[in-house]
Amino acid sequence: EPEVTQTPSHQVTQMGQEVILRCVPISNHLYFYWYRQILGQKVEFLVSFYNNEISEKSEIFDDQFSVERPDGSNFTLKIRSTKLEDSAMYFCASRKPRQGEAFFGQGTRLTVV
Amino acid sequence: EDQVTQSPEALRLQEGESSSLNCSYTVSGLRGLFWYRQDPGKGPEFLFTLYSAGEEKEKERLKATLTKKESFLHITAPKPEDSATYLCAARYSGAGSYQLTFGKGTKLSVIP
């Protein structure tokens, strides 16, 4: 069964460093998302991406964040200068057109020290 | 005000003891109501989509229903492997229509 793949599963970084989280969405999906979940809190929307551009973003997704689809398969989230409060699980998701449900990857646990 | 509210926060059941989880949502502009299962340290796993009041979906011991103001996830004769956090999410029309808005989840523990 096709699945969303995320790498790495766990990343530890120093405060102020840049990180790139990577995702391979399901191959025939056209909508791509990043969500995050701070430990013990609910899953929060960050950004959606369709047709090679951002379609929506939340207040969390400020100038420190960027997304890119560098080729036909990968979808990345870059955090330019990490802060302690960026520590969270980051989930990539994708969905087909005309399908409401999104399918999530297993997440990248980002720890900023 | 939260658009999606789940109750209870936690639920302990004996194996075989059926129960229901509740999800209340903001009614205006709803485009879909979704249930996911999340195991510790893992991503949400899709279970069901519901679009209109009266709709029901079933999978093994789980049945999801939708009314005009809330959704229920019924668990019949649960087993220990059903232990997980169950998340409800909603998608709305207009601004924000691409995203899912999640509730805080119900943590279900099924005791053998």
If each part is reduced to its alpha-carbon centroid, the stretch B:72-109 and the stretch A:64-113 end up apart, in Å, by 20 Å
Among A:Lys42/B:Lys42; A:Lys42/B:Lys57; A:Lys42/B:Lys63; A:Lys42/B:Lys107; A:Lys57/A:Lys78, which pairs are too far apart, with a Cα-Cα distance over 20 Å?
A:Lys42/B:Lys57; A:Lys42/B:Lys63
To check you understand DSSP bridge types, tell me what percent of the beta bridges within the protein assembly as shown (both residues inside) are antiparallel, rounded to 5.
90 percent
Using a 1.4 Å probe, what is the accessible area per residue for chain B, in Å²?
49 Å²
From other protein chains only, count the Cβ atoms within 10 Å of every residue's Cβ in A:38-44, then give the mean.
4
Report the relative contact order of the stretch B:4-111, percent, no decimals, based on alpha-carbon pairs under 8 angstrom and at least 6 residues apart.
37 percent
With a 1.4 angstrom probe the carbon and sulfur portion of accessible area for chain A, in percent, totals 45 percent
Can you run phi through the Karplus equation (6.51, -1.76, 1.60; θ = phi - 60°) for the stretch A:6-23 and list ³J(HN,Hα) in whole Hz, with x for Gly and Pro?
10, 9, x, 7, 9, 9, 10, 9, 7, 3, x, 7, 8, 10, 10, 9, 10, 9
Charge tally in the Cβ shell below 13 Å around B:Ser109, where Lys, Arg are +1 and Asp, Glu are -1, B:Ser109 excluded:
-3
Per-residue mean of other chain beta-carbon atoms within 10 angstrom of the beta-carbon, peptide B:98-106?
6
Within the under-13-Å Cβ sphere about B:Thr85, not counting B:Thr85, Lys/Arg +1 and Asp/Glu -1 give a net charge of +1
So what is the relative contact order of chain A, in percent, for Cα pairs below 8 Å that sit 6 or more residues apart?
39 percent
Go through the stretch A:93-113 and flag every residue whose accessible area shrinks by 50 Å² or more with all protein chains in place compared to the isolated chain (probe 1.4 Å).
A:Gly100, A:Glu101, A:Phe104, A:Gln106
Using the Cα centre of the protein assembly as shown as the reference point, and only Cβ charges (+1 on K/R, -1 on D/E), how large is the resulting charge dipole? Debye, rounded to the nearest 20.
180 debye
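The values are calculated or read from the model by the stated rules, or taken from the named source; none is laboratory data. Here the structure is a predicted model, which is why all the values come from computation and not from measurement. Every residue, glycine among them, receives a Cβ derived from its backbone with ideal geometry; neighbour counts consider all protein chains shown. These area figures cover heavy atoms from the full protein model, side chains too; ligands, DNA and RNA do not enter into them. Shrake-Rupley method; radii C 1.70, N 1.55, O 1.52, S 1.80 Å.
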